[in-house]
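**Student:** Structure provided below as structure tokens; questions to follow.
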Amino acid sequence: VALPRRGGRARYRLGLLVLTAVTLLTLDFRGFGPLERAQSAARDLLAPVRSGAETVTSPIGDALRGVVDYGDLKDENAKLRAELEEARGQQLAGQAASEELARLKEQLDLPQLGDVERVVARVAAGPAGNFEENVVEIDKGSTSGLREGMPVMTNAGLVGKLVRVDRGRSVVELVTATDFAVGVRIGDEVALARGTGSGTSLRATEGLSRDNPAAVDEPVLTNGGAGSNFPPGVPVGRVSSIDKSSAVPVVDVALEADIQNLDYVTVLLYSPSEEN
Amino acid sequence: VLGERAATRARLALVVFVAFLLQVTFFVDVHPLGVAPELALLLAIHAGREGGADRGAVVAFLAGLLYDLELRTPLGLWALTCCLVAYAMGQLTENLHRPTGIVATVTSGLASVGGVVAFAVLAALLGEDGMLDGDLLRIALLVGVVNFALSPLMGRALRWAYRPSGAMRAAV
């Protein structure tokens, strides 16, 4: 007699748990404000413990990775040295061009990227679990003035945008995420396109014509414009290949920022409604 | 008895919290075989086995919910998956067979594969993109292997959490 009663209670409790989960899922899908605020408050509450745990575990993790990835690290080091040499050579020419561009923009009264306030943040963690890709977590949040949608970049170029902002931490969706989209302009002819993440890189499609699909190695920058979360002129990358087989050419963009090895990033405190 | 119950709950809370912290800190950087273990799932399997379908499902639900807080997948999805897995494991243990030793470890690995696939299917049903792509089988199998390796540790932690204290054992 005892077993069925126990089984009945277990089924009843399971039913309650499933109902609770379905209710949470429904509220989450509807973007129920109080639930989102409760989630954020819970994460804020856990954040100090998490940071403490990270301080303890990250040296162990780094040591383990150092042992396992020693060969890769050596190769990467050599590659970085070569790139640094090349970058030193280009720096002077780039500086002169930047100064000339700034003077021109000033004369034309165009908004300059340098005018946008910025906050430097450390990349605190990569994605947790196995089903979160193309996101990283940074150690700055709403108390530093960060808001959802703000662009994130490194000195090299665009990295992504903020998709979740708690008090002291935020989540950045990387440009390679499949639901990431940004308006871009390509090359000197200024072909406008819509760049979307492809999982591993960025692809520019809509807006390009077969007659003017841009050329390989041309620079790709954000276009900005009314309502855009991104200011104009943020470097994104260079055209790496063009597929003209379909009606609308598809342009693959090699990103300038090394999003696989992010340590520090810059968040542009840019709000489209204020800037435009 | 009340004191014993409170002590068990405190031990369970500690195990759940430590597993959560390891998942969102250490195993963000360390990916054995290229995947992260799914500790909430492993905890659910052992909670069902050690605590039974009834109590195990509640512990697993809370472990899944805590994990849900940190992820961008819909809130409640891991909680739902974990409580279903714990309930199934509890039912199997109570009604069919209580595995021990290597059989228990292998069962944990297999249940982890099933749990990962169940999570992905539920997520896909809820409209999440890219959950049922070709990578799912690879991830599920490797998570199964990694969870298999971690299963003895989690089993020990859950047995410690559910064990009656010395005073309680003496009273019984």
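Laboratory data are not the source of any read-out in this text; all were calculated from the coordinates shown. No experiment lies behind these values; they were computed from the predicted model shown. Methodologically, a virtual Cβ is constructed for each residue, glycine included, from the backbone with ideal geometry; neighbour enumeration extends over all protein chains shown.
**Student:** Under a crude label model (7 Å from the Cα following the beta-carbon direction), how far is A:Leu269 from B:Asp129 in nanometres?
**Tutor:** For the pair A:Leu269/B:Asp129, the computed spacing is 3.2 nm.
**Student:** For a Förster distance of 22 Å, can you work out the FRET efficiency between the beta-carbons of A:Asp69 and B:Leu137, rounded to the nearest 0.05?
**Tutor:** E(calc), rounded to 0.05, equals 0.30.
**Student:** Could you check the simple spin-label distance between A:Gln260 and B:Val18, using points 7 Å along Cα→Cβ, in nm with one decimal?
**Tutor:** 3.6
**Student:** Does anyone have the angle between helix B:135-162 and the longest principal axis of chain B? Alpha-carbon axes, 0 to 90°, nearest 10?
**Tutor:** On a 0 to 90 degree scale, this one is about 10.
**Student:** Pairing the Cα long axis of helix B:2-24 with the longest principal axis of chain B, what angle in degrees results, from 0 to 90 and rounded to the nearest 10?
**Tutor:** The angle comes out near 20 degrees.
**Student:** Of A:Ala21, A:Val49, A:Ala10, which is farthest along the charge dipole of the stretch A:8-50 in the positive direction, counting Lys and Arg as +1 and Asp and Glu as -1 at C-beta?
**Tutor:** Value: A:Ala10.
**Student:** Take the Cα atoms of the stretch B:26-172, build their convex hull, and give its volume per residue in Å³.
**Tutor:** Taking the convex hull of the Cα positions in the stretch B:26-172, it is 123 Å³ per residue.
**Student:** For A:Asn155 and B:Glu4, FRET efficiency with R0 = 51 Å and r from the beta-carbon atoms, rounded to 0.05?
**Tutor:** Plugging the Cβ-Cβ distance into 1/(1 + (r/R0)^6) gives 0.30.
**Student:** Oh, and also: Given the rule -39500 (n - 2.57) for each run of at least 4 DSSP H residues, summed and divided by the residues of chain B, what is its mean residue ellipticity at 222 nm, to the nearest 500 deg cm²/dmol?
**Tutor:** -27500 deg cm²/dmol
**Student:** Taking only Cα atoms, what is the 0 to 90° angle, nearest 10, from helix B:77-95's long axis to the longest principal axis of chain B?
**Tutor:** On a 0 to 90 degree scale, this one is about 50.
**Student:** Rounded to the nearest angstrom and ordered from largest down, what semi-axes does the equivalent ellipsoid of the protein assembly as shown get from its C-alpha gyration tensor (root of 5λ)?
**Tutor:** Values for the protein assembly as shown, descending: 48, 22, 21 Å.
**Student:** Considering only the other residues whose Cβ falls under 13 Å of the Cβ of B:Leu75, what net charge follows from Lys and Arg at +1 and Asp and Glu at -1?
**Tutor:** 0
**Student:** Pop the C-beta distance of A:Arg30 and A:Arg194 into the FRET formula with R0 = 30 Å and round what comes out to the nearest 0.05.
**Tutor:** Efficiency, from the Cβ-Cβ distance: 0.60.
**Student:** How big is the equivalent ellipsoid of the stretch B:65-129 along its three axes, where each semi-axis is √(5λ) from the Cα gyration tensor, reported in whole Å from largest to smallest?
**Tutor:** 26, 11, 11
**Student:** Taking the Cα centre of the protein assembly as shown as the origin and placing charges on Cβ (Lys, Arg +1; Asp, Glu -1), which of A:Asn130, A:Leu221, B:Ala86 is farthest toward the positive end of the dipole?
**Tutor:** The Cα lying farthest towards the positive end belongs to B:Ala86.
**Student:** Report the local net charge at A:Thr57: Lys and Arg +1, Asp and Glu -1, summed over other residues whose C-beta lies under 11 Å from its C-beta.
**Tutor:** Neighbourhood net charge equals -2.
**Student:** Suppose the chain between A:Ser245 and A:Arg81 were pulled fully straight at 0.36 nm per residue; how much longer would it get relative to their current alpha carbon spacing?
**Tutor:** Gain in length upon complete extension: 55.2 nm.
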